[in-house]
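Take a look at the structure set out below.
The values are calculated or read from the model by the stated rules, or taken from the named source; none is laboratory data. The model shown is predicted, which means the values in this text are computed figures rather than measured ones. Here Cβ is always computed from backbone atoms with ideal geometry, including for glycine, and neighbour counts include all displayed protein chains.
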Amino acid sequence: MTEQDKTIEELPPADLVTGAAEDVHAPDPPEEEEEATYKEMSPIRLVLRRFFRSKLSIVGLVMIVALFLFSFLGPVIYQRWGEETVDRPEGGVISEIKSTYDYEEDGGKVTVTEVVEHVSTDNLLAGPSASHLLGTDDKGMDVFVRLMYGGRISLLIGFIVVILETLIGVILGGLSGYFGGWVDNIIMRIVDIFNCIPTLPILLIASATIESWELSPDQQIYVLMAIITLFSWSGTARLVRGQILSLREQEYITATEVMGLSVWRRIFKHLIPNVMPQLIVSMTLGLGSVILYESTLSYLGLGVQLPKAAWGTMIATANDNVVLQYHVNMWLPAGILIVIAVLGFNFIGDGLRDAMDPKAKK
């Protein structure tokens with residue numbers, strides 16, 4: 001055997017050589033999968049992934065969804081009693097003779113007796129039963145049903161007020177932060193004035209004024225939303241101003257100036273969207289505060305008035321010592337629902353704040 005034949009025999013088979021070459025030049029599958037996964041992860045998906053990792057966030061979300069189902073679908077399913085339906089049991093109406101007088105008519109004597117009927121509160125204050133799951137209040141209205149309708153008003157007031165105060169705060173805070181100078185001074189001094197106003201005395205004066213207008217209960221709800229919005233927008237304006245003061249010096253804002261974009265497009269198309277994560281967290285945390293604010297005002301008699309139901313108005317019945325001690329079913333459920341709502345919104349706000357933090361671990 002020649003040296004050339006030995007060399008040929010020592011060479012590996014062609015398929016082994018090809019396989020080795022393929023192993024050397026083949027891409028790494030795990031790296032390819034990781035790269036594809038990273039590219040497909042959008043910012044919204046990343047935020048949701050972080051949000052649902054938090055157990056408290058999920059608990060808060062379940063709380064709020066349960067409250068919305070109870071408040072908005074509950075009256076549709078449970079239609080036995082209405083919001084203002086009065087259930088008067090036997091013996092609930094007491095008749096009393098107020099006055100009696102005689103007069104002559106056509107030569108005869110006529111006796112007139114004036115009878116006054118009133119409802120006995122003792123007979124209307126009923127405890128929980130099969131007919132009324134949480135009993136009735138001092139007006140004979142079903143407490144369980146009024147909790148549902150009260151949730152509608154309290155939650156709607158919270159959302160509408162937060163949206164309105166955010167709009168006002170974004171507009172004024174955006175103008176203040178972008179222009180600076182005398183515009184910033186004027187707007188910030190207005191904010192300082194609103195922060196220094198003694199809220200409770202002003203609300204007492206406003207309540208006395210509103211009562212003199214003799215508004216309907218529905219109109220009083222709108223006035224209440226306007227009052228809460230008026231005293232709540234200043235915090236949002238400060239938040240937006242502070243964020244825009246730092247963002248307006250960025251290079252992309254300089255590029256929009258070079259491109260000749262209008263001031264409104266720079267503020268509301270390029271600056272405000274970058275403030276939205278902080279605004280969403282602020283709005284979520286503010287919902288609980290607005291619900292507490294509305295409940296406090298209704299408790300003091302400045303908010304939603306009878307016959308409309310609100311959680312704060314229902315708690316206000318505890319001002320009566322008899323109701324406070326012996327009829328816990330009238331005010332305690334409303335207090336529990338307020339606690340659930342505030343805790344739920346705070347849990348969601350904390351979860352969003354952690355999920356939108358760019359420094360958080362992925």
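Data overview
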read-out: Qualifying position, being small (Gly, Ala, Ser) and modelled with pLDDT of 85 or more, among Gly260, Gly288, Gly312, Gly351; value: Gly351
read-out: Within region 289-316, tally of residues that are crowded, with 22+ Cβ neighbours inside 10 Å and either among the polar types (S, T, N, Q) or more than 27 Å from Met141 (Cβ to Cβ) (or both); value: 3
read-out: Yes/no for Met276 being of a type in the set (A, V, I, L, M), touching a residue at least 40 places away in the same chain (Cβ under 8 Å) and either in a helix (DSSP H, G or I) or surrounded by fewer than 21 Cβ atoms within 10 Å (Cβ to Cβ) (or both); value: no
read-out: Test: residue in region 244-257 that is crowded, with 21+ Cβ neighbours inside 10 Å and either assigned to a helix (DSSP H, G or I) or in contact (Cβ under 8 Å) with a residue 12 or more places away in the chain (or both); value: yes
read-out: Within region 199-238, tally of residues that are among the aromatic types (Phe, Trp, Tyr) and in contact with a helix residue (DSSP H, G or I) (Cβ under 7 Å, 6 or more places away or on another chain); value: 2
read-out: Some residue of region 220-242 being out of contact with any strand residue (DSSP E or B) (no Cβ under 7 Å at 6 or more places or on another chain), in a helix (DSSP H, G or I) and farther than 20 Å from Gly286 by Cα; value: yes
